[in-house]
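What follows is a single structure, written as structure tokens, with notes after it.
A short reminder: the numbers here are calculations on the coordinates, not readings from a lab. Keep in mind that what you see is a predicted model, and the values were worked out from it rather than measured. FYI the Cβ positions are ideal-geometry reconstructions off the backbone, even for glycines, and counts take in every protein chain you see.
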Ligand SMILES: Cc1ncc(COP(=O)(O)O)c(C=O)c1O
């Protein structure tokens, strides 16, 4: 593809205000304008901003040592965080590689899966299977398994060859399936692809239990994850759950797949782990993977200079202690229905609202040109970008994304408030979201 074929300005953010400070659910720019953080930025700031306990814990760590290099030292912060994650994951997910963000976490998951097969002498198992309308990150491996057209186009030709399956979406089921049967249809598609490739050539299947940026909070239909688990087991394929966005409590369970009653072999977590206070992510793997890798190689052959960065781990410990002490994951679960009801009520007069979906505090509003046929608006309009700008003007940070229908068309607004948001703040978020959508539709002549 020539560069002329790439759409223009897909990554331009335009002129941005300067951020000055923030407290709880509110952010202030240098001109003193207030914004309510309805999406925790990109689903990151899960306990709100400027928490004094977290800041004190980081400062305390910095005053002692910022970073003890992983080949020289372990630390209290790293060991404590490991214990917390083990407890929150439960089961056999007891091993981890710490990194500094989501892409690195996914990259590490892919490498753990490859190393697992290598350690077992199955070097032919190199192929990854992933899904369309998924986002796994910006490094080349993570980008390779992603199904997000606009973010990949400029790099095509240098990405890994990956099998790509249909998106699994009850609102937009694959041809021949219904909302009720789409999970089973897509599970079968996975098994067909494994058999087509030959199981001896398949390394891992990676998916988001609740699709974030590429789909707009699309949960796995009931039973789907369990079928995936069985298929992966049957064919010796590693099951990777990408929980960078939907994990760490965001969807009302610490592990997103907990609500599906399934344990993956390998799992990524990042955004909510240290809640944006410092950069932190992890690739978590189970005993089965650990036994193979540790048995032959001693340790995972991945990691970076800042793996297990001490101050970042201290931030993670402080955040996770608050999440556990204040029972915030339980709160998110309990208030899932309340957030859905508020978004429904606030947008009930908007004909273009086709679907409101998600889990926990990870919910999205999908806009459609026709409710009956579920036809999206023309992607050229970039409605989602306009909603982002209008919301910002209205003092709301939300997370609109596009291309969820076919990679180009589709407009979804993701809402992902802090786990400790107040009822009043939730109402403000819902009202400002609805008002922003209404204003954009009116300005576009679509109301
Ligand atoms: C599911 C998922 N995986 C991976 C990533 C990449 O994370 P990061 O942007 O921290 O590298 C993201 C980011 O949005 C994500 O949503």
Just to confirm my numbers, what's the Cα centroid distance between the range 91-144 and the range 249-295 in Å? 12 Å
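Relative to 2.2 N^0.38 Å, what does the C-alpha radius of gyration of the range 52-325 come to as a ratio? Two decimals please.
Working: Rg = 18.3 Å, N = 274, 2.2 N^0.38 = 18.6 Å.
Against the empirical 2.2 N^0.38 Å value, I get 0.99 for the range 52-325.
Rounded to the nearest 500, what is the chain's calculated 222 nm mean residue ellipticity when only DSSP H runs of at least 4 contribute -39500 (n - 2.57) each, over all residues?
Details: 14 runs with 164 residues, N = 447.
That calculation yields -11500 deg cm²/dmol at 222 nm.
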Which residue fluctuates most in the GNM of the chain (Cα springs below 10 Å): 105, 315, 20? 20
Testing the spin-label approximation: label points 7 Å from Cα along Cα→Cβ at residue 192 and residue 375. State their distance in nm. 2.8 nm
Alpha carbons only, please: Rg and Dmax for the range 18-79, in angstrom. 15.6, 46
Reduced Cα scattering model of the range 176-299, Debye log10 I(q)/I(0), q = 0.10, 0.13 Å⁻¹: -0.34, -0.57
Report the gain in length on full extension from residue 123 to residue 149: 0.36 nm times residue separation, minus Cα-Cα distance, nm rounded to one decimal. 6.4 nm
GNM top mover of 33, 18, 152 - the chain, alpha-carbon springs below 10 Å: 18
If you build a Gaussian network model of the chain, linking Cα atoms that sit under 10 Å apart, which residue out of 363, 61, 320 swings the most? 61
With only alpha-carbon atoms in the gyration tensor, what are the semi-axes of the equivalent ellipsoid for the range 119-191, in Å, largest first? 25, 18, 8
Which FRET efficiency value, to the nearest 0.05, do you get for residue 64 and residue 325 by plugging their Cβ-Cβ distance into 1/(1 + (r/R0)^6) with R0 = 41 Å? 0.95
Efficiency by 1/(1 + (r/R0)^6): what FRET value for residue 50 and residue 201, r their Cβ-Cβ distance, R0 = 56 Å, to the nearest 0.05? 0.65
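Averaged across orientations, what area in nm² does the convex hull of the alpha carbons in the range 364-432 project? Could you put the intermediate results ahead of the total?
Numbers: hull surface 20.5 nm².
So the Cα hull casts an average projection of 5.1 nm².
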Considering only C-alpha atoms, what is the centroid distance from the range 21-46 to the range 185-229, in Å? 35 Å
With the crude spin-label approximation of a point 7 Å out along Cα→Cβ, what separation in nm comes out for residue 180 versus residue 447? 4.0 nm
Looking only at the chain, where both bridge partners belong to it, what percent of the DSSP beta bridges are antiparallel (to the nearest 5)? 70 percent
